[in-house]
Amino acid sequence: MVLLEFSMSPISKGESVSAYVARSLDIIDKSGLPYQLTPMGTIIEGEWAEVMAVVTACFEAMRADCDRVSTSIRIDYRAGPGGRLKSKISAVEKKLGRKLST
């Protein structure tokens, strides 16, 4: 199972790129994969081919009208079942004995 964190934004489209990011979030949300939006990117959980297909779809949508696209990707693969998007946070909260802001 893969946790993939990525951010993608156009270069030279001005200071605010939220309209472009919103397009990607629409693709991510419609993928049906578990995800978590953060202020600096999005984390998606799934099999390798699934998460890479989502990133590719986001890239294709962005490059349609953006001549330059910046992308950062971090991947954590671990054999076994899914659910790590939440279980990794729960494990830390359990050790601390309290809920954290997520």
Check: Looking at (1) in contact with an Asp or Glu (Cβ under 6 Å, 6 or more places away or on another chain); (2) at pLDDT 95 or above; (3) surrounded by fewer than 16 Cβ atoms within 10 Å (Cβ to Cβ), can you tell me which one LEU3 breaks?
Finding: (3)
Check: Which one of the conditions (1) within 16 Å of the chain's Cα centre (by Cα); (2) surrounded by 10 or more Cβ atoms within 10 Å (Cβ to Cβ) does ARG63 fail to meet, given that it meets all the rest?
Finding: (1)
Next item on the list: Starting from the stretch 1-21, keep only residues that are part of a loop (DSSP other than H, G, I, E, B), then list their pairs with residues that are of a type in the set (Ser, Thr, Tyr) and at pLDDT 90 or above whose Cβ atoms are within a distance under 6 Å, requiring at least 6 positions of separation or different chains.
Entry: ILE11/SER70; VAL17/SER9
Notebook entry, point to check: Here are some residues: TYR35, TYR77. Which one is more than 27 Å from VAL17 (Cα to Cα) and of a type in the set (Ser, Thr, Tyr)?
Noted result: TYR77
Checklist line | Verdict on ILE89 being surrounded by 12 or more Cβ atoms within 10 Å (Cβ to Cβ) and either at pLDDT 95 or above or in a strand (DSSP E or B) (or both) | finding: no
Next item on the list: Report whether or not VAL21 is among the β-branched types (Val, Ile, Thr), within 9 Å of the chain's Cα centre (by Cα) and closer than 25 Å to THR102 by Cα.
Entry: no
Item checked: Counted residues, the stretch 26-52 - those being surrounded by 15 or more Cβ atoms within 10 Å (Cβ to Cβ), in contact with a strand residue (DSSP E or B) (Cβ under 9 Å, 6 or more places away or on another chain) and part of a helix (DSSP H, G or I) -> 5
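The values are calculated or read from the model by the stated rules, or taken from the named source; none is laboratory data. What you are looking at is a predicted structure, and each value in this text was computed from that prediction instead of being measured. Using ideal geometry, Cβ is built from the backbone for each residue, glycine included, and neighbour counts are taken over all protein chains shown.
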